[in-house]
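*Asks:* Pasting a structure here, questions to come.
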Amino acid sequence: MKKLKIGIVGCGTIAHVHAEAIHKSNNAELHSLFSRSEKNVKKCGEKFGVKWNTDWEQFISDSDLDIVSICTPSGNHLNYGEKAAEAGKHVIVEKPIEVTLKRANTLIEKCKNNNVQLAVIYQSRFMPEIDKLKKQIEGNEIGNIFMGDAYIKWFRNQEYYDSGAWRGTFELDGGGVLINQGIHTIDLLQWLMGDVETIYGKIGTLTHENLEGEDNAVAVIKYKSGAIGVIEGSTSVQPAQSRRIELHGTNGTVIIDNNDVKILTSKVKEELANKDEEASGSSSPLGGFSIEPHKKQFEAIVNAIKTNSIPPLSGEDSLKSLAIVLAIYKSSKLNTEINLDKFISDNL
């Protein structure tokens, strides 16, 4: 079958991950690159052997281009996404979809109005261990899950934030540790646990300088199922810890420790993965990164586009984790509990 052609917008660190995943996929090919930085786009173009451009109109008007994958700072996703949609290109954006619910919804509507598909990258859902776990939860093997927690206690030094003027800003990054480093894990937590009802959070900038967003955050969560839990995020912890999710049910416990998934129940005692990798909580943004989940998500998105069906992690689905993060920010600011449904309706 014909491979769909994907062009990448932005050529920073995560663009190389997208490029590698597309390059290895079975149903798509990396076609072109765009960046305002000639240095970055040329380097990436030469690495992957594809054409590159610093002229947006030339890039987006390419009739062979089917899909645009946006890897710019989060606050620019709408800017490029709506232009791509208007040009008739399907749109993929790196997490989060945008930095506000209104901007995210504008992008969703723009893609609908131009009859193109929109998907957001949350590759953690595409780990085979997680896929199996989701099915086991749906099969009630863990029982009634009454507590679900997430811990993202990583380290980023001052140089990391100083290396890009957009890092940790509200306009382009949307905030700090929760919306940047933590949102993958938050998305995974709410996907496994189900919808959130209320949130109470506290955030602070405690160990870094010249940072608008937070480097430490905690939140108490109540799920619509009646379960409760906590979220803790940090880029201040030394040594960095692996990301961790804990789910406790009436039949036992699930522990996700970086890429290891352990299920300990009265019926199942199983270790689904045991990968000796550098933890993603390390000082390197891509420490312990595996291309395979990205590859699987890109393939799933392309298959959906080919069959004119809704891709996994649609724009609407991606609003859930973004809303959780933004509600934590508002809760901390107002020192009050936030009802998530009302927060979403008030801010779309």
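The values are calculated or read from the model by the stated rules, or taken from the named source; none is laboratory data. Just so it is clear, the model here is predicted, and its values are computed rather than measured. Heads up, the Cβs are rebuilt from the backbone with ideal geometry, glycines too, and the neighbour counts pull from every protein chain shown.
*Asks:* Residue by residue through the stretch 156-167, note down the ones that are of a type outside the set (A, V, I, L, M, F, W, C) and closer than 14 Å to residue 76 by Cα.
*Replies:* Across the stretch 156-167, the qualifying residue is only 167.
*Asks:* To continue, here is another question. Picking from 246, 197, which residue would you name as being more than 25 Å from residue 341 (Cβ to Cβ), surrounded by fewer than 23 Cβ atoms within 10 Å (Cβ to Cβ) and at pLDDT 95 or above?
*Replies:* 246
*Asks:* Only helices (runs of 4 or more DSSP H) wholly contained in the stretch 96-172 count here; list those with 1 or more residues that are out of contact with any strand residue (DSSP E or B) (no Cβ under 9 Å at 6 or more places or on another chain) and of a type in the set (A, V, I, L, M).
*Replies:* 101-113
*Asks:* Assess whether residue 151 counts as being closer than 22 Å to residue 9 by Cα, crowded, with 20+ Cβ neighbours inside 10 Å and aromatic (Phe, Trp, Tyr).
*Replies:* no
*Asks:* Let me ask something else. Please go through the stretch 173-187 and pick out each residue that is assigned to a loop (DSSP other than H, G, I, E, B) and either aliphatic (A, V, I, L, M) or touching a His at 6+ places or on another chain (Cβ under 8 Å) (or both).
*Replies:* 177
*Asks:* Turning to a different aspect of this structure: Which one of these does residue 3 not meet: (1) under 24 Å from residue 296 (Cα atoms); (2) crowded, with 19+ Cβ neighbours inside 10 Å?
*Replies:* (2) is the only condition that residue 3 fails.
*Asks:* Tell me which of these residue 106 doesn't satisfy, since it passes every other one: (1) β-branched (Val, Ile, Thr); (2) over 19 Å from residue 302 (Cα atoms); (3) buried (at least 19 other Cβ atoms within 10 Å of the Cβ).
*Replies:* The single condition residue 106 does not satisfy is (3).
*Asks:* Go through the stretch 38-71 and report how many residues are part of a loop (DSSP other than H, G, I, E, B) and out of contact with any strand residue (DSSP E or B) (no Cβ under 6 Å at 6 or more places or on another chain).
*Replies:* Residues in the stretch 38-71 being part of a loop (DSSP other than H, G, I, E, B) and out of contact with any strand residue (DSSP E or B) (no Cβ under 6 Å at 6 or more places or on another chain): 6 in total.
*Asks:* Answer with yes or no whether residue 189 is surrounded by fewer than 24 Cβ atoms within 10 Å (Cβ to Cβ) and either in contact (Cβ under 8 Å) with a residue 12 or more places away in the chain or under 15 Å from the mean Cα position of the chain (by Cα) (or both).
*Replies:* No; evaluated as a whole, the condition is false for this residue.
*Asks:* Somewhere in the stretch 15-30, is a residue among the aliphatic types (A, V, I, L, M), surrounded by 17 or more Cβ atoms within 10 Å (Cβ to Cβ) and outside any helix (DSSP H, G or I)?
*Replies:* There is at least one residue in the stretch 15-30 that is among the aliphatic types (A, V, I, L, M), surrounded by 17 or more Cβ atoms within 10 Å (Cβ to Cβ) and outside any helix (DSSP H, G or I).
*Asks:* Looking for something touching a Cys at 6+ places or on another chain (Cβ under 8 Å), among the β-branched types (Val, Ile, Thr) and either touching a residue at least 12 places away in the same chain (Cβ under 8 Å) or within 18 Å of residue 318 (Cα to Cα) (or both) - is there at least one such residue anywhere in the stretch 76-92?
*Replies:* yes
*Asks:* Okay, next question. What pairs come up if the first residue lies in the stretch 221-250 and is without any contact (Cβ under 8 Å) to a residue 60 or more places away in the chain, the second is assigned to a strand (DSSP E or B), and their beta carbons are under 6 Å apart, counting only those six or more places apart or on different chains?
*Replies:* Within 6 Å, the pairs are 222/197; 222/198; 222/228; 224/197; 242/257.
*Asks:* For residue 228, are the conditions met, namely being surrounded by fewer than 23 Cβ atoms within 10 Å (Cβ to Cβ) and β-branched (Val, Ile, Thr)?
*Replies:* yes
*Asks:* OK, next. Report every pair of residues separated by at least 6 positions or lying on different chains whose Cβ atoms are under 6 Å apart, first residue within the stretch 4-26 and under 11 Å from residue 44 (Cβ atoms), second surrounded by fewer than 20 Cβ atoms within 10 Å (Cβ to Cβ) and of a type in the set (Val, Ile, Thr).
*Replies:* Cβ pairs passing all conditions: 20/291.
*Asks:* If you don't mind, there's one more thing I want to ask. Which of the residues belonging to the stretch 305-348 are over 21 Å from residue 93 (Cβ atoms), among the acidic types (Asp, Glu) and in contact with a helix residue (DSSP H, G or I) (Cβ under 8 Å, 6 or more places away or on another chain)?
*Replies:* Result: 337, single match.
*Asks:* Just to be sure, is residue 313 among the aliphatic types (A, V, I, L, M) and surrounded by fewer than 21 Cβ atoms within 10 Å (Cβ to Cβ)?
*Replies:* In short, no.
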